[in-house]
Amino acid sequence: MKKKYLSLAGGAVLALGVVTACGAPSNNTGSNASSSGSASTTTHQVEIFSWWTAGGEANGLNALIKTFNKEYPQEKIVNEAVAGGGGSNAKAVLASRMQAGDPPETFQVHAGQELMAWVNAGKMQPLDNLYKSMGLNKVIPAAIINDLSKNGHVYAVPVDVGRGNVLWYNPAVLKKYHLTAPTTMSQFISELKTLKSKGVTPLAYGDKDQLGSVMLWENVLLATMGPQNYDKLWQGKISFNNPQVKQATNTFLELLQYTNSNHSALTWDEADQMVADGSAAFNLMGDWAKAYFQSKGLKEGSQFGWTAFPGTNNDFEYVIDSFGLPKGAKNPTGAMDFLKLVASKQGQDEFNPLKGSIPPRTDANMSLFDTYSKEAMSDFKKDSLVPSLANGEAANPAFETAATQAVTMLISTKNVNEFISALNTAAEENPLS
C-alpha cells in the first residue's frame, strides 16, 4: 500500500502506524538520537505518519494507539494517518514537512531503498543503542536488519513482514465453475478464459493509486525470470533488454484482457471487495488483503482463499514496514517510546494478527496467528526472498516513480518496446546499483 513518490532526497516516502508496549521504557536511545526531551522540556506529543486507513490496517493501528496510551499516559499520540493515493497523499505531506524542517516524531517507511533515500539525505538518526538495549539483533533476522542499515548503522525498526505475491480468490466462484487455485501461468490463463466466458470478472485489480498495476507486473516478472534473475535485474546486473522482461510484459498485457474495465477508478481494497462479494474470482495483492477480508467478516478458507501467484510458489516477495527517528523531531523521547513498542514482542504480536502480516521477530507467539499467517511464517523461513518494486524495497524511489509512470503508459499504449525503453532510461538516470 503505497505508490508514487515525491522527489525529495532522491524521492522518499513515509508514513506510520502504531504498536504496543512491553515492560517499562528504558532510557536508551539511538546512537546519535537526542535525549533532551525530559519531563520538563518534552512537548508530550508524538506525531506518527502512516497511510494505514483501510480494513485490518486501520484496526491494527487503532488498537496499538490504545495500547500506547495505556503504557505511556504522559505522551499524546497524534495520528497523522492520511487516506488516499495508496500512500502517496501521506508521503506528499511528509515530504513537505521534512523539506521544511518540521518532521513528525516518526513515520512509516518501507525497508530497503525507500528508507535509504532518507538515510542518504542525512535525515535519519541511527538506532544502534536501541537495538543493543533490546537485544534486537538476536530476534530479528540479519537479512531484515541489513535492509534497514547502512555503513554498519541501523536506521529503523521493522514492525511487520508482508508478502506481495499472493493470489486471493473467492472459493465459491471457483467451485461453481469447477476450478482450482492455479499454480502455473498456463493454468491461470486457462481459468481466466473460462471465467470470462461465464460472465464473471476473472481478475480484479485497482490501480487508481497505481499500486495494483505495478504489483501485477512485478509478479509476472518474478514468475517469468525466477528469483535469481529477478534479483539481478534490481541490482543492475541484468538489463531490461533481457528477453525475459519482454516476455513477462507481454504476459502482463495478456492478463489485463481478463480484468475489470473500471480498474483505474478503484483502489486496492475496492478491488478486494470485488472478490469478497463474488463479482470477481481473483485478485493479486499483498497479505494486507487478508486483513481487509477479515474486517468484512469473511472467514479464511471458506469465504476467501489464497495461493502464491502462479509461477512463484517457492518465492516470498517481502514488504517490510518500519519506523525510524528523523532528525529534528521535537519529542525524541516520545518517539523512542513509540519505537520501543514497535520493536517489542508484545507490540508485534498485537499488531500483526490484525494487519494480516507476520512479525519480523522470530520469537512471535504462533498461537495468536491464523492459518494463513502460520503458512506465511513457514514460507518466509524457507522460500527465496525477493524485494518488491511496487512497495519500495527493490529500487530507489526516483526509479520507482519512473517505472510506475512507465507501467501506466504501457496499460494505455500496449507498446512493449516503448515500455522497456522507458525502463532503461529510468535506470540510466537513477542507477539501481
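For this structure, a couple of remarks:
- Consider the range 257-281 and keep the residues that are of a type in the set (A, V, I, L, M, F, W, C), in contact with a helix residue (DSSP H, G or I) (Cβ under 7 Å, 6 or more places away or on another chain) and at pLDDT 95 or above. The one that is nearest to GLY212 (Cα to Cα) is ALA271.
Every residue, every condition in (1) in contact with a Phe, Trp or Tyr (Cβ under 8 Å, 6 or more places away or on another chain); (2) under 30 Å from MET124 (Cα atoms), yes or no:
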position: GLU300; (1), (2): yes, no
position: TRP306; (1), (2): yes, no
position: ASN313; (1), (2): no, no
position: PHE316; (1), (2): yes, yes
position: SER322; (1), (2): no, yes
position: ASP337; (1), (2): yes, yes
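- Hits in the range 131-141 - residues which are part of a helix (DSSP H, G or I) and of a type outside the set (Ser, Thr, Tyr): LYS132, MET134, LEU136, ASN137, LYS138, VAL139
- Check on ALA281, in contact (Cβ under 8 Å) with a residue 60 or more places away in the chain and crowded, with 24+ Cβ neighbours inside 10 Å: yes
- Residue check: SER322 meets all listed conditions (1) surrounded by fewer than 24 Cβ atoms within 10 Å (Cβ to Cβ); (2) outside any loop (DSSP other than H, G, I, E, B); (3) out of contact with any Ser or Thr (no Cβ under 8 Å at 6 or more places or on another chain) but one, namely (1).
- Checking each residue in the range 225-260 for being in a loop (DSSP other than H, G, I, E, B), under 23 Å from GLY112 (Cβ atoms) and not small (Gly, Ala, Ser) picks out GLN235, LYS237, ILE238, PHE240, ASN242.
- A count restricted to the range 51-92 and to residues that are touching a residue at least 60 places away in the same chain (Cβ under 8 Å) and polar (S, T, N, Q) stands at 4.
- Residue match in the range 142-163 (condition: over 30 Å from MET336 (Cα atoms), assigned to a helix (DSSP H, G or I) and among the small types (Gly, Ala, Ser)): no
- Residue within the range 193-210 that is touching an Asp or Glu at 6+ places or on another chain (Cβ under 7 Å), in contact (Cβ under 8 Å) with a residue 12 or more places away in the chain, surrounded by 23 or more Cβ atoms within 10 Å (Cβ to Cβ) and on the phi < 0 side of the Ramachandran plot present: yes
- Considering each residue of the range 285-292 in turn, at least one proves to be assigned to a strand (DSSP E or B) and within 17 Å of PRO310 (Cβ to Cβ).
The values are calculated or read from the model by the stated rules, or taken from the named source; none is laboratory data. From a predicted model like this one, the values you see are computed outputs, not experimental measurements. Neighbour counts run over all protein chains shown; Cβ positions are idealised from the backbone, glycine included.
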